Amino acid sequence: MAKRGSYSLGEYQGSYSSLDPNKAYGTDFTGYRTKASLMGASTRPDTANQIQEVNQLLNQGMVPIEVGVLKPEAFDQIPKEHFKELNRMSKLTGSKLSIHAPLIETSGITEQGWSEANRELAERQLKEVVDKSYNVSDKERVPITIHPSSMLAGSEWVPTEGGGEEGKKEREKIIAVDQETGKQVPIERETKYYPGSEKLEKEEKGEKFDPERKLRSQNFSEWDNNLNQLFFNKDRVDEIIKKQGPHIQKALEVLRETPEKDRQMVLKERGDIKQGYEALQSAETYLDDLQNQLASNFNRAWKYCKNDEEKERLKEFSKKFRENIEGDPSLKGQSQAIQNFLFDLKKVVPQKYVTVEDFAKQHSSKTFGNVALNAYKKYGEKAPMINIENMYTGMAFSGSMDDMNELIKESKQQFVKNAMKPKNQGGLGLKEDKAKKAADDVIGMTLDMGHLNIAKKKGFSDKYLSEEAKKVADQVKHVHMADNFGYSDSHLPPGMGNVPNKEILEELEKKGKTKELRKIVEAGGFVQNFGVSPHPYSLEGMGAPFYQEGEPYWNQAVGFQQGYGEGFGQMLPSGHFETYGIPSFSNLPSELGGQRMGAGGSRVSGKPME
């Protein structure tokens, strides 16, 4: 420690020292170490020439490499022989290839809405992607990363207002989907002010409506309005019966006794019979229309009911309605049966509008399950792994890892259900335990740590992100690494932003497998802006060793430029003191602006070149 008056200067620590090889230097080190053989990168996603892209990454010494073309039409431009050539390149170099599938909307939603035909198209496209991807390795399962959605905005979460328990959160926005049309409706948190409210008068505050409450209200209001319209039409029938009842009854009696060939003449000659007959036709028209509308609404209630309990209630309502119609088929009897049925239908509220996550979960899980089963049928134990990737804030499947967990679990259930079917029904005839084991092998998750970090712009902490990662740790089979500052997916090498890499990876590591997972660095943004390879920075950020085992590490590379024993020998190592500083003001370290004697000469000589 050097002192001058009241001012003191601490000893300058310098860079890497062989006396302390484990000490981590460099601001980019995340604090988590991994093998260099597990750190890789993705290819440029905008070109079909993936052979050239892979070759460039191999020249940098990478082992894991992710082949990824994001546009479906560009992926289709890759000849199938290229995938086989990539396999040969992999064998020659000892590299391991994975695939990032093109962006395909797995749920079947398009800008025009949803259809099962669109979902089936997405399924066929992904099956083709899997078939091509299988060719890049014949030794092990190929990890294939697939986005759960390519175009769906999603729910947005924020920490619970007023603080509280760490990680506690609430939705501030829901994207609701009309299950009939696939149209999307944003529903945001809102405060409403009502006259007569004590809260308004005393505290000048309104009533808060969270998105879930507004979603429930949306379903109730639309269902109630539909049924009320049917009540209105039924009242028209009752009005006709009330006003024209005697004429209708008379017309029915006369026409029933009149031969069919003479009925037109009777209607022409007798105005009272014609009046009753026209009223009868009008009432029957209203009743027919009511029956059609009832059928449509019952179908909606059945398709979008909350649970099996509500389905049982709908069965009872249907049976009661049939018995009432058969018991009294008259106009009045039909009208009364319809009224009773409408009152029954008011006791249920179909969920016509659901969150985009619930909607996509229902349909995307079918796509993922079927794609995985098709791969297992063809390739058995070497079937590629279908890894579903979490999205970033603002997209579907980004706000909560609970949604990701449910999507993956439902995809596995779809696989198991179909795998257990007999072969003549399109299944594999597997027993349940074997089907579940196969589902676990071929369906998992790619954890994108950069995507997860973007939750910070909503106010979430590192601890929250770690807890979210913990929820899906059992599902993770592949890792994407890209650093950012929590506001955009800026794709920097790990250690250059504020992603809590160490904390997240340690949560995964508790499951006993993360150390051996491939870690693909998606740092395209860094390459685009700085024009250099991010790989050395990635190795430094993750503290990878220069060699397979032992010291030194990449983040200590800066210390290799000087040796301790330079200059006058070990007793007075002037080169060391000139570099790191001595306890006086006679020589500041060169790294802090001090000048070295013989600066024009060789560093190890201590004197100028002659």
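Annotations for the structure displayed:
- If you go through region 333-369 and keep only what is in a strand (DSSP E or B) and buried (at least 21 other Cβ atoms within 10 Å of the Cβ), you end up with Tyr353, Thr355.
- Members of region 456-492 found to be in a loop (DSSP other than H, G, I, E, B) and touching a Leu at 6+ places or on another chain (Cβ under 8 Å), listed by number: Ala473, Ala482, Asn484
- Scanning region 414-432 for residues that are in a helix (DSSP H, G or I) and either acidic (Asp, Glu) or surrounded by fewer than 16 Cβ atoms within 10 Å (Cβ to Cβ) (or both) turns up Lys417, Lys423, Asn424, Gln425, Glu432.
Condition check ((1) open to solvent by 50 Å² or more (accessible area, probe 1.4 Å); (2) of a type in the set (Gly, Ala, Ser); (3) outside any strand (DSSP E or B); (4) under 27 Å from Pro534 (Cβ atoms)) across all residues:
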{"site": "Leu70", "(1), (2), (3), (4)": "yes, no, yes, yes"}
{"site": "Ala74", "(1), (2), (3), (4)": "no, yes, yes, yes"}
{"site": "Ser98", "(1), (2), (3), (4)": "no, yes, no, yes"}
{"site": "Ser133", "(1), (2), (3), (4)": "no, yes, yes, yes"}
{"site": "Glu140", "(1), (2), (3), (4)": "yes, no, yes, yes"}
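- For region 41-68, taking the residues that are in contact (Cβ under 8 Å) with a residue 24 or more places away in the chain and acidic (Asp, Glu), the one that is least open to solvent (accessible area, probe 1.4 Å) is identified as Glu66.
- Residue within region 329-348 that is more than 30 Å from Gln244 (Cβ to Cβ) and charged (D, E, K, R) present: yes
- Scope region 377-396; condition open to solvent by 10 Å² or more (accessible area, probe 1.4 Å) and under 20 Å from Leu121 (Cα atoms); matching residues: Lys377, Lys378
- Failed criterion for Lys515 (all others in (1) at pLDDT 85 or above; (2) exposed (fewer than 15 other Cβ atoms within 10 Å of the Cβ) hold): (1)
- Matching residues, region 445-460, being touching a helix residue (DSSP H, G or I) at 6+ places or on another chain (Cβ under 9 Å) and crowded, with 23+ Cβ neighbours inside 10 Å: Met445, Leu447, Met449, Leu452, Asn453, Ala455, Phe460
- Looking only at residues of region 476-492 that are of a type in the set (A, V, I, L, M, F, W, C) and in contact with a Ser or Thr (Cβ under 9 Å, 6 or more places away or on another chain), we find that the one that is surrounded by the most Cβ atoms within 10 Å (Cβ to Cβ) is Met481.
The values are calculated or read from the model by the stated rules, or taken from the named source; none is laboratory data. Small disclaimer: the values here were computed from a predicted structure and weren't measured. All Cβ positions, even for glycine, are placed from backbone atoms using ideal geometry, and neighbour counts span all protein chains on display. The protein model used for the area step is the full one, side chains on, heavy atoms only, and it has no ligands, DNA or RNA in it. Shrake-Rupley method; radii C 1.70, N 1.55, O 1.52, S 1.80 Å.
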